[in-house]
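Working notes, structure below.
The values are calculated or read from the model by the stated rules, or taken from the named source; none is laboratory data. Please read these numbers as outputs of a predicted model, since none were measured by experiment. Counting neighbours? That spans all protein chains shown, and the Cβs are built from the backbone with ideal geometry, glycine included.
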Amino acid sequence: MGMVVYWIIIGAAAGYVGTRLLKIDLPLPQTIALGIVGALIGALALRVLLAVLGVASGFIGAILGVAVLVFLYQRFIEKP
């Protein structure tokens, strides 16, 4: 229940700021609804972006790990 209240408060604030930035005059219920829906869409988009970046960062980390291991292997085990 606390999260619902949180999203309503954040949505209302975001709706107010968004309508003021875009200079749109809407009634309070529409401003709140617009803010809540916008906050949900923004949160979903951010989660998708973080999931994609998380996979990419794991791949980059794996490549860096392999590069370090290959360097150490060449340096200490495989002596030319």
So residue 26 fits all but one of (1) among the aliphatic types (A, V, I, L, M); (2) within 20 Å of residue 5 (Cβ to Cβ); (3) modelled with pLDDT under 85; (4) over 14 Å from the mean Cα position of the chain (by Cα); what number is the exception?
(2)
Identify, by number, the condition in (1) exposed (fewer than 13 other Cβ atoms within 10 Å of the Cβ); (2) of a type outside the set (A, V, I, L, M, F, W, C); (3) touching a residue at least 12 places away in the same chain (Cβ under 8 Å) that residue 47 doesn't meet.
(3)
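Let's see how each residue does on (1) exposed (fewer than 10 other Cβ atoms within 10 Å of the Cβ); (2) in contact (Cβ under 8 Å) with a residue 12 or more places away in the chain; (3) under 17 Å from the mean Cα position of the chain (by Cα):
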{"residue": "6", "(1), (2), (3)": "no, no, no"}
{"residue": "18", "(1), (2), (3)": "no, yes, no"}
{"residue": "21", "(1), (2), (3)": "yes, no, no"}
{"residue": "38", "(1), (2), (3)": "no, yes, yes"}
{"residue": "43", "(1), (2), (3)": "no, no, yes"}
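Quick grid of which residues meet (1) touching an Asp or Glu at 6+ places or on another chain (Cβ under 9 Å); (2) closer than 30 Å to residue 20 by Cα; (3) hydrophobic (A, V, I, L, M, F, W, C):
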| site | (1), (2), (3) |
| --- | --- |
| 35 | no, yes, no |
| 38 | no, yes, no |
| 45 | no, yes, yes |
| 51 | no, no, yes |
| 56 | no, no, yes |
| 60 | no, no, yes |
| 63 | no, no, yes |
| 68 | no, no, yes |
| 72 | no, no, yes |
